[in-house]
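Here the structure comes first, spelled out in structure tokens, and everything after it is commentary.
The values are calculated or read from the model by the stated rules, or taken from the named source; none is laboratory data. Just so it is clear, the structure is predicted and the values come from calculations on it, not from any experiment. No Cβ is skipped: glycine too gets one built from the backbone with ideal geometry, and neighbour counts run over all protein chains shown. Accessible surface is based on the protein model in full, side chains and every heavy atom, while ligands, DNA and RNA are left aside. Shrake-Rupley method; radii C 1.70, N 1.55, O 1.52, S 1.80 Å.
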Amino acid sequence: MMRLVHLLVAAGLLFLSGLGIGHAAIVDSFRVGSWNGSAFTDDQTGAFTTCVASANYRSGITLYVQVDTTYNWAIGFSAPHWNMKVGADIPLQYRIDRGAWQSGVAKATSKDLARMQMPQGGYIITRFRRGRTLYVRDGTYDYQFRLTGTSRLMARLAKCVERNIARHGAAPGTGTTAAAGPQGGLGQSAPAKEDAPATSAAADPQLAIEATQALFNLMGSAGISGLKLIPDGQREEDLNGLYAVAADDARTLVAHIFPVGSYQSEEELMAIVVADSQKACTEGRFSSSSERINENGKAIYTSHANCEAGDFQLIERVAIVPRKAGGVFIYGVADTYVGESGGAPVSPPDLTDADLYSAVASAAD
């Protein structure tokens, strides 16, 4: 155990050298699955600087994730057999699962470690949290990294930042640009926090009001009743950050807005949704489908995901609808069914696809 701690401290200090922080002290440590993390302060001022987590892969490469005091984030790669020119810029391309290839530039902060600042927009961090595999290529070699436990990791890193700013204060100048804070659900620009109320609704209260009204419209049009509106921070982890959520024991209903510029395409959004459903179906049989339909003159992009395990079944239906003010609405219904052999039976009221999509088409009018 002590050897693990020493290795973790050394790895964190190595990564911090790429941030221009020459004097660092470790003040907190944590473990999330295969990820080892630490919080660091400037040992001269005592102010908190950053949180760093790392995971080792069979290839011999270590992957690092860093979140600073302004919730900007970066990733890094190191391997003992690398011999890079310190200070060199390394053009990279990367993508997560089947997402579009993105361009980035990593800087060699030592001969065996390169660090790449990641974009603040919500698209990439959402894919990182919910994806299965990170693909990286440098023009010569291709690398693959399984993204196991990254959703919990990013939540824990955000908690690490929040907790240690409260304890030690934030060192000046550790972030490149002050992040705007989480923008919600699938599109949040900073990691979601595990046990503190998310700030997405506060970041744009008008969107939260609009999404909540659309959710009520959907419930009224579809004849859905008995659901309780769940405030942000009191939901299951994956639902924090969404603009509007209502639920009971058998059914969860969500509404969220992606304004113009906050997402790549409807196809990419739907791919994230379906991949997230599949990733959550760890012990059951999973199937999914998607299609584009026209309902009451509105183009709707729909998906249907089904997870079955013994006497348990989860059916998730999602609809993406253009928004008059630009961007899209995303509506989701998750229905849980539990048979008698699974304990107390659970079954939501019937809601046909036809009724759901008709209600979705009129919800934002």
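Structure notes:
- With a Förster radius of 51 Å applied to the beta-carbon distance between Gln44 and Ala100, the computed FRET efficiency rounds to 0.75.
- Share of carbon and sulfur in the accessible heavy-atom surface of the stretch 225-365 [1.4 Å probe, %]: 47 percent
- Packing, as the average of other Cβ atoms within 10 Å across residues, places the peptides 276-288, 254-266 in the order 254-266, 276-288, highest first.
- The calculated FRET efficiency for the pair Lys324 and Lys228, based on their C-beta separation and a Förster distance of 30 Å, comes to about 0.55.
- Averaged over its residues, the stretch 102-156 has an accessible area of 42 Å² per residue, based on protein heavy atoms and a 1.4 Å probe.
- For the pair Arg58 and Asp138, the difference between a 0.36 nm per residue extended length and the Cα-Cα distance amounts to 26.9 nm.
- Burial order of peptide ranges 138-147, 92-101, 314-323 (average beta-carbon count within 10 Å, highest first): 314-323, 92-101, 138-147
- The protection proxy used here, the mean number of other Cβ atoms lying within 10 Å of each residue, ranks peptides 31-44, 291-304, 215-228 as follows, highest first: 31-44, 215-228, 291-304.
- Per residue, the stretch 243-284 exposes an accessible area of 41 Å² to a 1.4 Å probe, with every protein chain left in place.
- Multiplying the residue separation of Glu267 and Ala299 by 0.36 nm and subtracting their alpha-carbon distance yields 10.2 nm.
- Charge context of Pro348, other residues only, Cβ under 11 angstrom, K/R +1, D/E -1: -3
- Magnitude of the charge dipole for the stretch 235-365, about its Cα centre and with charges confined to Cβ atoms of Lys, Arg (+1) and Asp, Glu (-1), is about 520 debye.
- The residues Thr50, Thr212, Thr45, sorted by heavy-atom accessible surface at 1.4 Å with ligands and nucleic acids left out, run Thr45, Thr212, Thr50 from largest to smallest.
- Projected label distance in nm at Ala309 and Ser287, using a 7 Å step from Cα toward the beta-carbon: 1.9 nm
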